[in-house]
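Below is one structure, written out as structure tokens, with a few remarks after it.
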Amino acid sequence: MSEYHPPAGADPTVDPVGPPPPPPPGPIAQSVAIGFRTVYVAGLLLLVLWLTGNVREIASDSQMVVLRFGRIVRAQEAGLLIAWPRPIEQTQLLPGPERLLTQEVASLPPASETAQGLIGPFGSAQAIPQNATAFLTGDGNVVLLNATLIYRINDPISYALAQTHVAAALDRLFRATTVHITAARNLNDFLVVQSNATAGQDQNMPALRGEVRSSLIQAMNARLHALAEGGAPLGVEIERIDMTAWLPPQAKSAFDAVLIASQTADRGVAVARTDAERRRQEASRLRDQLLADAQARAQEFTSTATVNTAAILALEHEATPETRGSLLLREYRAKVADIMNKVGSATLVDPEGGTRMLLPGKTDK
């Protein structure tokens, strides 16, 4: 032990008043004190970490739902989240409202061997996927549809509550909606199986496919809104549907034969129309030629008649009531002279005589 030293100026012969000071701690006590301080600091750090355990950053494509003692109290989109530590509050990370999720619609098992035979083996030449489902169209045909739903979360609280049932509910909603859509459409609205459509309809085929998808999306969203109004919201909204259609294997060969026959008939009709158009053009060209010849001949006849009647017209202009007889006699004599110059011989018959007809014949010697 260390010796006691009285304070400066005190009488060393006089005993100090009061108890002696406590001895300094030993090495074991110092070690225990250091250990306790370390435990305090570690506990303080653990307390800070526990208190800030639910303080985190939410990414821009995510959102988070906060549960307090198992009950959802709020939802927060991208940003800084501050929540009570576990187990007071728990967090559930969900995709953001702008992030699109995909789900392939699963197929139901065929109800019978007949239905399975209608769909056919999945390893056929058409490469029909296993989740293709048969639907009946409005014109009494069957079409196989394979669809992929693309949706987003518009209500994170409802989605968190119904997350385990969303996939099955979307499958069922798609099947129920597609039954109504296909029943109101023809097979040609899903597949090009008829070649008797006009050119305008062929050009509108992509627009028709888009109209079918739009109708399907609107009907599914209407059913989702009806579920929300009925107190069972799923918290999702359909954005797009990627759908592919196939014919049943048993019907494909028949439709292919009909399509080939229709195309052959269309080619025959096209050839006949081309030949008819060629004949019409040839007839039109011949008609134009005949009209041109007739017009040329008529023009020639008109010119000849004009020339032949020019002298008569001139005589008509010169004639007067006093000179008409002399002019006609003059013209008669001029024309008779021309005729007589062209005739080799002439026989004159007395109109008062008994001769009525002269017939050429042989003279008797």
Ranked output for segments 258-266, 29-37, 56-64, 170-178 by mean other Cβ atoms within 10 Å, highest leading, reads 170-178, 56-64, 258-266, 29-37
Quick one: 3J(HN,Hα) in Hz for the range 259-272, Karplus 6.51/-1.76/1.60 with θ = phi - 60°, rounded, Gly and Pro as x. 5, 5, 5, 5, 5, 5, 5, 4, 5, x, 5, 5, 5, 5
Grab the other residues whose beta carbon is less than 13 angstrom from that of His225, score K and R as +1, D and E as -1, and report the net. -2
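FYI, it's all coordinate maths here, none of it is from the lab. Just so it is clear, the structure is predicted and the values come from calculations on it, not from any experiment. Note: ideal-geometry Cβ built from the backbone for every residue, glycine included; neighbour counts use all protein chains shown.
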